[in-house]
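The values are calculated or read from the model by the stated rules, or taken from the named source; none is laboratory data. Owing to the predicted nature of the structure, the values given are computational and were not obtained by experimental measurement. Note that we place each Cβ from the backbone using ideal geometry, even for glycine, and neighbour counts take in every protein chain shown. For the accessible areas, the whole protein counts, side chains as well, though only heavy atoms, and no ligand, DNA or RNA atoms are used. Shrake-Rupley method; radii C 1.70, N 1.55, O 1.52, S 1.80 Å.
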Amino acid sequence: MDRRSFLRASTVGAGAAAASTLAAPAYAQGKRTLTMVTSWPRGFAVLDDAATYLEQMVSEMSDGNLTIDKKAPGELVGALEVFDAVSSGQADMYHSADYYFVGQHPGYAFFTAVPFGGTAQEVTNWYYHGGGEELHDELGMIFNMKGLNAGNSGSQSGGWFRNEIKSADDFNGLKFRMPGLGGQVLGKLGASVQNIPGGELYQALSSGALDGLEWVGPMADERAGFQEVAKIYYTAGFHEPGSALSANVNLDVWNDLTPQQQAIMRYASMATTHYQLAETLANNGAALARLQSQGVKTLQFSDDVWDAFGAASKEVMDENMNDELFAKIRTSFEESLANSASWINKSDNFYVEQRVRVLGQ
């Protein structure tokens, strides 16, 4: 019974009672709540912001008929256990960074970031107009999941260090936190690489369990308090030029949603990507200024160090090419990057250079 028919029926005595008795259970039956496990502590800047925005958008777009019950690490599973929880059906969906799960398949790196990969805009171009979303689904089918892109934190910083990096040799023996294929690159340079959840990073850095780490960027890093225990901050990194987040759904759960509910999930995820990237880029500049006012020294890696990153990155990427699906995803991704760059370099990038030259900003 539609709303108009229900209102007409409610104007007649016994018919109104019958209509309300029948309609209420049907309305209640149409509601659905999805349990979403996340890799982010509650209130974590940028990352939990994105998960919370997704939660709100799904509820608003569905008029409360489809809702998300967001779980922080430890409330149902650990921060890095969300993939297995959703794959097995213990939870309905997760919000995380897919490169945490390169151990399940190295192809997942492309759905967060790969060394010397795409900017946020280039990643989004590939995902929605270059076949990325379809490849995310193809990969997800192996693990019983539907892929959704739900956030992007933009270019991530090179990281926090206790001492300056004068050459690539300074990474040798360094205890450093970096997930994904970027971490494997630093491993090639001799670093002792660790993948520690975000909620544990401050303690690890302050205790000396880590010599350095990368997290997100000025806004999120300031909120995490890393400036209190390290004062060397490299502002550009090779490993995550545009870091996407994912809201992957158990495939059985996804297939059980109505087409309208699936559309709501997909478009709420797209809105989350747009909102989060804007939030991050709008706040990073002011956050960086505050960090500098607290004695943080901002630096860039030398060209020699960048060359070492590049050589090691090629090794890591090539080592995974014996996996047919990884090779397929990489080829698609790099073709999209080449197509994007051919115009961006001649338009946006050149324009920004000229704006800085002419106006100084």
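Note on region 226-348: dipole from Cβ charges, positive end direction compared against Gly242, Gly310, Gly295; the farthest Cα belongs to Gly295. Maximal additional length on extending the Asp318-His129 stretch stands at 65.5 nm, based on 0.36 nm per residue less the C-alpha distance. Once the C-beta distance of Ile344 and Lys31 is scaled by a Förster radius of 45 Å, the resulting FRET efficiency is 0.55 to the nearest 0.05.
Do any of Lys188/Lys231; Lys166/Lys314; Lys71/Lys297 go past 32 Å between their Cα atoms, and which?
Lys71/Lys297
Figure legend: label point modelled 7 angstrom from the Cα of Lys328 along Cα→Cβ; residues of region 240-269 with amide N under 20 Å from it are 249, 251-252.
Against the main long axis of the alpha-carbon atoms of the chain, helix 47-61 sits at an angle near 20°.
Could you state the angle between the C-alpha long axis of helix 348-359 and the longest principal axis of the C-alpha atoms of the chain, as a value from 0 to 90 degrees rounded to the nearest 10? The angle comes out near 60 degrees. One compactness figure for region 233-337 is 1.51, namely its Cα radius of gyration divided by 2.2 N^0.38 Å. In the list [x] 41, 22, 21; [y] 33, 23, 20; [z] 28, 26, 22, the label attached to semi-axes √(5λ) of the Cα gyration tensor in Å as derived from the coordinates here is [x].
For the peptides 318-331, 270-283, the ranking by packing is 270-283, 318-331, with the highest mean count of neighbouring Cβ atoms within 10 Å listed first. Remark: the Ala289-Ala311 segment gains 4.6 nm on full extension, using 0.36 nm per residue and subtracting the alpha carbon distance.
Phi-derived couplings, Karplus 6.51 cos²θ - 1.76 cosθ + 1.60 at θ = phi - 60°, listed residue by residue for region 251-267: 5, 5, 5, 4, 5, 8, 6, 6, x, 5, 5, 4, 5, 4, 4, 5, 6 Hz, with x used for Gly and Pro.
The dipole here belongs to the chain: it is taken about the Cα centre, uses +1 on the Cβ of Lys and Arg and -1 on the Cβ of Asp and Glu, and is about 1060 debye. Can you send over the carbon and sulfur percentage of the accessible area for the chain, probe radius 1.4 Å, protein chains only? Looking at the chain in its full context, I get 51 percent from C and S. Packing, as the average of other Cβ atoms within 10 Å across residues, places the peptides 210-217, 240-247, 61-68 in the order 240-247, 210-217, 61-68, highest first.
The length gained on full extension between Val229 and Asp170, counted as 0.36 nm times the residue separation minus their Cα-Cα distance, comes to 19.3 nm.
Please give the per residue accessible area of the chain, computed with a probe of 1.4 Å over protein heavy atoms only, in Å².
Each residue of the chain exposes 45 Å² on average to a 1.4 Å probe.
Residue ranges 306-315, 341-350 sort as 306-315, 341-350 when ordered by packing (mean number of other C-beta atoms within 10 Å per residue, highest first). Amide hydrogen proximity for Gly242: with H placed 1.01 Å from N in the peptide plane, the residues at 5 or more positions away or on another chain lying under 5 Å are Gln156. Taking 7 Å along the Cα-to-C-beta vector as the label spot, tell me the Glu60-Asp304 distance in nanometres, rounded to one decimal. Computed distance between label sites Glu60 and Asp304 equals 5.2 nm.
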